[in-house]
């Protein structure tokens with residue numbers, strides 16, 4: 001069942017997503033060669049807890065193995081999603097997708113940003129640019145009266161001319177009191193198909209795009225998944241609310257992008 005939010009609930013969603021955006025901004029200050037993803041996880045967890053939130057990802061159960069051990073997912077290079085933080089130092093030219101979720105005052109925030117570590121190749125830079133563009137095209141398509149398929153089509157039609165792969169097994173989702181609610185929001189689809197979008201709907205839109213094949217395999221930790229051809233993947237995510245007839249972005253990349261530009 002799709003749960004449409006009231007004005008008061010959307011305001012609480014704004015608060016939760018502002019917290020996530022600020023936590024990712026703190027992480028951005030520490031993304032550099034030599035840093036470890038465990039260090040990034042500690043930064044995010046401390047920030048969320050210090051500001052009254054609860055890291056949503058920590059302890060999430062897994063039917064295939066142990067529960068998730070960290071507060072953020074850190075997916076490096078060819079890891080598409082759900083990477084587990086570790087003590088391996090990041091290297092110049094790497095990319096790392098940091099997915100962050102937090103519960104605040106009963107509602108969830110969720111956002112992901114793929115960071116450049118030092119200087120990346122032009123090919124990787126283009127992958128990140130195009131993936132982020134596809135996110136905003138999908139948000140623009142998320143209008144009351146439109147359908148879920150319009151969102152997925154906006155992503156797919158933007159990235160496929162570049163020869164990129166659109167991951168199909170991992171998708172966006174409704175969000176609110178629970179991190180994952182109905183509806184599912186794939187990054188592919190046909191215009192005019194799927195469930196209709198309505199005012200009050202809150203969803204996380206999150207293109208996961210690969211430079212090559214969309215096929216993947218699961219890592220031994222039973223969380224992270226890697227591209228089968230070893231080529232890099234990018235992942236950008238915003239939580240939005242359909243409010244007053246248009247999409248409102250509840251999370252934010254503004255501060256993250258400012259910090260990232262200073263680090264380059």
Name the most mobile residue of 111, 122, 25, meaning the one with the largest mean-square fluctuation, in a Gaussian network model of the chain with Cα contacts below 10 Å. 122
Highest GNM mean-square fluctuation among 42, 16, 234, for the chain with Cα springs under 10 Å, belongs to 42
In terms of the alpha carbon gyration tensor, root eigenvalues a ≥ b ≥ c, rounded if a/c is under 1.5 and otherwise prolate when a/b exceeds b/c or oblate, the stretch 21-97 is oblate
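What relative contact order, as a whole-number percentage, does the chain give when Cα pairs under 8 Å and 6 or more residues apart are counted?
Working: 694 pairs, mean separation 61.4, N = 264.
Across the chain, relative contact order equals 23 percent.
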Once each part is reduced to its C-alpha centroid, what is the distance from the stretch 38-81 to the stretch 211-241 in angstrom? 16 Å
Which one of 237, 123, 182 has the biggest mean-square fluctuation once the chain is modelled by GNM with Cα springs under 10 Å? 123
Return the equivalent ellipsoid semi-axes of the chain as a descending list in whole Å, where each equals the square root of 5 times an eigenvalue of the C-alpha gyration tensor. 26, 22, 17
Using alpha-carbon positions, what is the distance between the centroids of the stretch 96-150 and the stretch 15-36, in Å? 15 Å
Global form of the stretch 47-195, assessed from the alpha-carbon gyration tensor, a/c cut-off 1.5: oblate
Residue-averaged 222 nm ellipticity for the chain, from DSSP H runs of 4+ at -39500 (n - 2.57), nearest 500: -9500 deg cm²/dmol
Cα gyration tensor, the stretch 123-235 - rounded (a/c under 1.5), prolate or oblate: oblate
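Bear in mind that the values in this text are calculations on the coordinates, not laboratory data. Bear in mind that the values here come from a model prediction, so they are computed numbers and not experimental data.
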